[in-house]
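*Asks:* Here you go, one structure.
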There are 2 protein chains.
Amino acid sequence: MLTERQALVLKVIIDEFIETAQPIGSRNIAKREDVAYSPATIRNDMADLEDEGFLSKTHSSSGRIPSEKGYRFYVDHMMSPLQLSSDEVRLVQSQFDDRMIEMEKVMQNSAHILSELTQYTTLVLGPEVYETKLKQLQIVPINKQSAIAILVTDTGHVEHRSFAVPSEIDHSDLEKVVNILNEKLVGVPIIYLDRMIETEVIDLINRYTSNFQKSYDLIQKALFNHQTTSLYVSGKSNILMQPEFNDIEKARSLFNVMESEDQIAPILKTNQEGLKISIGHENEMEVMNNCTLITATYTLGENQIGTIALLGPTRMEYAKAVSLLDLWSNHMSQSLYRWFND
Amino acid sequence: MLTERQALVLKVIIDEFIETAQPIGSRNIAKREDVAYSPATIRNDMADLEDEGFLSKTHSSSGRIPSEKGYRFYVDHMMSPLQLSSDEVRLVQSQFDDRMIEMEKVMQNSAHILSELTQYTTLVLGPEVYETKLKQLQIVPINKQSAIAILVTDTGHVEHRSFAVPSEIDHSDLEKVVNILNEKLVGVPIIYLDRMIETEVIDLINRYTSNFQKSYDLIQKALFNHQTTSLYVSGKSNILMQPEFNDIEKARSLFNVMESEDQIAPILKTNQEGLKISIGHENEMEVMNNCTLITATYTLGENQIGTIALLGPTRMEYAKAVSLLDLWSNHMSQSLYRWFND
DNA sequence: TGTTAGCACTCACCTTTAACGAGTGCTAAT
DNA sequence: ATTAGCACTCGTTAAAGGTGAGTGCTAACA
């Protein structure tokens with residue numbers, strides 16, 4: 001398909017373009033030590049590569065820039081895994097050195113560090129509730145008319161929701177309901193809470209007074225009818241650093257998307273195992289058509305429970321991004337495993 | 001000091017410039033219905049106003065733009081309070097219509113709504129702990145090595161912190177300590193917690209075993225040694241909409257500041273009662289030299305307990321911003337009062 | 001004396017023009 | 001198959017000229 005020389009030319013162009021964001025000319029390629037051909041020869045290859053769709057020009061006499069197909073080929077066939085610097089490795093590892101006590105902190109910090117290291121935007125989708133189990137329920141009355149329900153999971157996740165308490169309901173009723181719920185539900189995976197309530201708890205509750213049922217309704221609404229996606233976004237403004245977003249309009253529209261959890265979360269919810277690279281128009285969302293999104297999943301045992309992603313321009317340091325995500329998700333998965341088997 | 005006509009000219013220029021962001025020329029001012037003078041007359045006044053420092057030019061033959069001194073005069077002496085639209089009023093009020101159950105939610109939503117209405121960035125500094133009192137402490141063991149301490153205040157604020165539990169300490173010890181703490185500390189204002197612990201609790205704790213003391217140390221570290229500033233920022237990317245930030249460098253540096261809580265929080269911690277308007281170089285921070293920050297405090301009874309602020313370009317819709325902040329902070333203060341006297 | 005008309009002048013902005021140079025494609029020689 | 005040579009393209013930059021919104025100043029006016 002591609003001759004060896006053509007492949008070399010393609011690789012050089014992509015590597016250089018990733019670094020400089022400028023179209024690359026034949027003369028400059030020929031000057032490189034690892035290229036032993038004349039500009040003319042390289043021009044011929046470049047013309048072929050363009051015919052095949054791997055390269056394109058910004059205008060008829062410009063140097064070449066990689067097309068999305070070019071990046072795709074690079075990513076699939078010719079990317080050499082980047083040796084991360086020891087500093088970088090250490091920084092990522094340090095997130096997991098200590099015994100992990102609170103997953104949310106870990107993820108927030110991770111997002112921060114990865115966007116520092118890459119200068120891209122990091123998106124972390126928190127552990128899906130899959131394996132996490134209810135550790136404890138708690139009701140704290142605040143005043144006569146309101147109370148706060150607190151739910152703690154075995155990953156250290158704390159969810160709280162406040163709710164109004166009608167005057168006819170006594171706090172002691174609430175307390176009793178919570179006791180029942182705790183008794184029945186502690187240790188139950190969060191995703192089964194609903195089902196368990198249906199089968200195990202409802203009957204029990206129904207034996208009591210109507211006030212009791214109302215109390216239960218309240219708590220139920222406050223805590224269970226609520227799908228929790230925890231999305232951490234870090235380094236949004238890194239986008240502004242990339243020359244492809246010098247056009248402020250593009251930056252604006254991308255910002256709008258990134259600020260809406262609703263739009264981001266579905267993108268990250270992938271079933272693909274391991275890394276997935278979406279280049280330019282491979283992204284469904286239009287504003288991301290000049291972006292690349294690399295997502296990596298992390299697992300607990302066999303189950304994928306969350307996603308981490310880097311969002312940057314299509315001209316992305318793929319090797320570095322991939323290596324970092326790989327490193328991170330491995331560590332994360334290991335730490336999770338340890339956490340749950342302690 | 002200023003003749004009536006000069007004042008009119010100044011006001012017109014500022015009003016127009018706030019709307020258009022373009023230098024205003026004498027001819028355009030003369031065309032307005034509320035101005036009955038010829039361009040030449042107005043030019044003379046403009047020259048005077050420039051001599052006095054209220055206006056400046058972008059180049060020698062350009063129209064005039066307001067200087068910071070101009071804005072300052074406008075704000076201090078000639079700003080007519082804007083009649084907010086009923087939609088706007090309703091939107092703000094709706095934040096407080098329902099019985100307030102969780103202050104944090106209210107503030108988050110408020111920040112969101114104010115930045116929607118103004119197209120500026122809203123910063124809310126959460127209620128200082130002043131009057132808030134401890135409602136309940138809770139320890140939830142997560143696994144053998146870790147636990148989560150949860151602190152609930154009477155404002156519905158939930159603070160949680162995880163900590164590692166050394167192997168020699170038993171969870172039952174922790175529980176006992178928490179019981180003691182709850183017994184002694186519930187109802188105590190958060191800011192006095194430290195003092196109360198010193199005087200009332202320490203002695204009690206010391207009577208027990210050393211493990212007991214260690215447990216106490218843990219909890220103490222996890223919950224009390226932690227100053228909590230709750231900062232909500234909304235509409236950061238609105239900054240990008242303002243033409244004065246078309247220069248991407250300026251946007252970048254402002255973003256960097258806004259993303260650092262450490263830098264923003266001190267700015268909002270003002271002692272000034274009511275509204276404070278900081279125009280351009282009146283802001284200490286250099287990146288804000290072409291911004292205006294309007295801060296308003298909200299109170300609980302006599303005490304200021306938090307701040308809300310709008311950050312925009314110096315060319316700000318002052319009247320609207322002031323009216324909105326005023327409206328909001330009044331409602332907020334009233335709601336707080338009701339909350340604590342229920 | 002305060003206001004206005006008139007006029008020369010300024011300067012950002014736009015368009016045109018020209019020179020430059022990095023780059024290409026093609027052809028012919030090696 | 002590779003390369004040297006050369007004409008050609010086109011974005012970029014700088015200079016030059018025209019336009020128009022704006023000014024400052026002066027002299028006339030009410």
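*Asks:* Roughly how many percent of the accessible protein surface of the protein assembly as shown is carbon and sulfur, given a 1.4 Å probe and a whole-percent answer?
*Replies:* Working: 14180 of 31930 Å².
With neighbouring chains kept in place, the figure for the protein assembly as shown is 44 percent.
*Asks:* Then there's this: List the trypsin sites (Lys or Arg not before Pro) within the range A:1-44 that fall in a DSSP loop (any state other than H, G, I, E or B) and whose Cβ has at most 14 other Cβ atoms within 10 Å.
*Replies:* Numbers: sites: A:Arg5, A:Lys11, A:Arg27, A:Lys31, A:Arg32, A:Arg43; in loops: A:Arg32.
Qualifying residues, ordered by number: A:Arg32.
*Asks:* Using the Kirkwood radius over Cα pairs, work out the Stokes-Einstein diffusion coefficient for the range A:228-299 at 25 °C and 0.890 mPa s, in µm²/s as a whole number.
*Replies:* Details: Rh = 13.2 Å.
Here the translational diffusion coefficient equals 186 µm²/s.
*Asks:* Counting alpha carbon pairs within less than 8 Å and at least 6 residues apart, what relative contact order, in whole percent, applies to chain B? Walk me through the intermediate numbers first.
*Replies:* Values: 518 pairs, mean separation 63.0, N = 342.
Taking the mean separation of contacting Cα pairs over the length of chain B, I get 18 percent.
*Asks:* Report Rg/Rh for the range A:134-224, rounded to two decimals, where Rg is the Cα radius of gyration and Rh the Kirkwood radius.
*Replies:* Working: Rg = 12.4 Å, Rh = 13.1 Å.
Radius of gyration relative to Kirkwood radius: 0.94.
*Asks:* May I pose another question? Using helices alone, I'd like the mean residue ellipticity at 222 nm for chain A: each DSSP H run of four-plus residues gives -39500 (n - 2.57), total over residue count, nearest 500.
*Replies:* The helix-only estimate for chain A comes to -13500 deg cm²/dmol at 222 nm.
*Asks:* Using a Gaussian network model of chain A whose springs link C-alpha atoms within less than 10 Å, name the residue from A:Leu293, A:Leu231, A:Leu218 with the highest mean-square fluctuation.
*Replies:* With Cα springs under 10 Å in chain A, the top fluctuation among A:Leu293, A:Leu231, A:Leu218 is at A:Leu218.
*Asks:* Size of the protein assembly as shown along its principal axes in angstrom, Cα-based, largest extent first?
*Replies:* If we take the Cα atoms of the protein assembly as shown, the spans are 82, 79, 47 Å.
*Asks:* Right, next: Using a simple charge model, +1 on the beta-carbon of Lys and Arg, -1 on the beta-carbon of Asp and Glu, nothing else, what dipole does the protein assembly as shown show about its Cα centre, in debye to the nearest 20?
*Replies:* Numbers: 62 positive and 96 negative charges, 80 e Å.
My answer is approximately 380 debye.
*Asks:* In nanometres, what is the gap between the two model label sites at A:Glu284 and A:Ala47, each 7 Å from Cα along Cα-to-Cβ?
*Replies:* Between A:Glu284 and A:Ala47, the simple spin-label model gives 4.2 nm.
*Asks:* A follow-up question, please. Mind checking Rg over Rh on the range B:4-78, alpha carbons, Kirkwood formula for Rh?
*Replies:* On the way: Rg = 10.9 Å, Rh = 12.0 Å.
Rg/Rh: 0.91.
*Asks:* R0 = 60 Å: FRET efficiency of A:Ile191 with B:Asn330, Cβ-based, nearest 0.05?
*Replies:* On the way: r = 45 Å, r/R0 = 0.74.
Working from the Cβ atoms, E equals 0.85.
*Asks:* At A:Val89, label 7 Å along Cα→Cβ: distances to the other copies, nm, ascending?
*Replies:* Relative to the other copies, A:Val89 has label-point distances of 6.7 nm.
*Asks:* Have a look at the range A:278-319 and give its Rg and Dmax from the Cα atoms, expressed in angstrom.
*Replies:* Rg and Dmax of the range A:278-319, Cα atoms, are 12.2, 35 Å.
*Asks:* Looking at the range B:239-273, which trypsin sites (Lys or Arg not before Pro) are in a loop (DSSP not H, G, I, E or B) and have at most 16 other Cβ atoms within 10 Å?
*Replies:* Numbers: sites: B:Lys250, B:Arg252, B:Lys269; in loops: B:Lys269.
Listed in order of number, the matching sites are B:Lys269.
*Asks:* Considering just Cα atoms, how many Å³ per residue does the convex hull of the range A:147-190 enclose?
*Replies:* Numbers: hull volume 3.2 nm³, N = 44.
Residue-normalised Cα hull volume stands at 73 Å³.
*Asks:* Now, a different point. Could you tell me the total accessible area buried at the A-B interface, probe 1.4 Å, in square angstrom to the nearest hundred?
*Replies:* On the way: alone 17690 and 17740 Å², together 31930 Å².
By this definition, chains A and B bury close to 3500 Å².
*Asks:* Given a 1.4 Å probe, how much area per residue of chain B is accessible, in Å²? Each step should come with its number before you reach the end.
*Replies:* On the way: 15990 Å² over 342 residues.
It amounts to 47 Å² per residue over chain B.
*Asks:* Can you bin every Cα-Cα distance in the range B:68-213 into 5 Å intervals starting at zero and give me the percent of pairs per bin, rounded to whole numbers?
*Replies:* 2, 8, 12, 13, 13, 11, 9, 8, 7, 6, 5, 4, 3, 1
*Asks:* Tell me the volume per residue, in Å³, of the convex hull enclosing the alpha carbons of chain B. It would help to have the intermediate numbers written out before the result.
*Replies:* Details: hull volume 55.1 nm³, N = 342.
About 161 Å³ per residue, rounded to a whole number.
*Asks:* Beyond 22 Å, what share of the Cα-Cα pairs of the range A:203-338 remains, rounded to the nearest whole percent? If you can, show how the numbers build up before the last one.
*Replies:* Numbers: 4594 of 9180 pairs.
Value for the range A:203-338 (Cα pairs over 22 Å): 50 percent.
*Asks:* Right, next: Relative to the compact-globule scaling 2.2 N^0.38 Å, provide the ratio for the alpha-carbon radius of gyration of the range B:1-144.
*Replies:* 1.64
*Asks:* Within 10 Å, at most 11 other Cβ atoms, and a DSSP state outside H, G, I, E, B define an exposed site. Report the longest part of chain A free of exposed GluC sites (Glu not before Pro). Mind dumping the intermediate values first?
*Replies:* Numbers: sites that count: A:Glu33, A:Glu168, A:Glu273, A:Glu284, A:Glu302.
For GluC sites (Glu not before Pro) (loop position, at most 11 other Cβ atoms within 10 Å), the longest site-free span of chain A is A:34-167.
*Asks:* Which stretch or stretches of the range A:153-190 have amide N atoms under 20 Å from the point lying 7 Å from A:Thr199's Cα along the Cα→Cβ direction?
*Replies:* Correct set: A:180-190.
The values are calculated or read from the model by the stated rules, or taken from the named source; none is laboratory data. Quick caveat, the model's predicted, so the values are computed rather than measured. Cβ atoms come from the backbone with ideal geometry, glycine included; neighbour counts cover every protein chain shown. Only protein heavy atoms, including side chains, enter the accessible area calculation; ligands, DNA and RNA are left aside. Shrake-Rupley method; radii C 1.70, N 1.55, O 1.52, S 1.80 Å.
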